[in-house]
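The structure under discussion appears below in the form of structure tokens.
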Amino acid sequence: MMKASGVLRLRRVGIRSVFLAATALALSACVMNQQSTQGEGIGFREARFQEISAMRDYRACRDDALELDTQARTTGNIGRYLASAELLEKCETELGPETAGVAKEERMRAYALSVQNYLKGGDVHKAAANLEKFKRSFPDKDLYYADGSSFTTTMEALLGQKDKTTFGRFAAKNISHDLAGEMRRVRYWKHN
């Protein structure tokens, strides 16, 4: 009987030893995995902090440009349109490639405003160049005015980037009714 209880005790000690060894091995694996996750977490946090800082700077820059745009619309000052457009372009340029995927819709609107403001300021070449940058930076994307007309199609029409013979087919274009009428008027008086 004593032998049986001694054997049972040895088995319990053996089972406990195996259990403790397995637990220690499992815990040490968790600790190693946790250390590598912490390193990746810090790198992710640093990258995220840089993105947030860059966007904060971008938004402050954009807000200054929007203020110039508001002043230009209020006073009709062409120089302020150009200053607003230049500042919006600078804001996008200084943002950098590491944040290219951040706040795309917001950045699209601001860059589109720079195209519009260059056009309103009379710098047609810069407006055309920025429209091309807009299309490269945001491929297959477009913005729409309140009347449903397309920003890119409207700007292409205003900047003469479309074949002039297609201006007669405004129904196929997504531009505003007012712009279509104005383009027809300009075309008529050029030829008559």
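Derivation of every value follows stated rules applied to the coordinates shown; laboratory data play no part. Worth saying up front: this structure is predicted, and the values here are computed from it rather than measured.
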Inset, instruction - Mind checking the full-extension length gain between Thr93 and Arg73? Use 0.36 nm per residue of separation minus the Cα-Cα distance, one decimal, nm. - result: 4.8 nm
Inset, instruction - Averaging sequence separations of C-alpha pairs under 8 Å and six or more residues apart, then dividing by the length of region 84-135, give the relative contact order as a whole percent. - result: 38
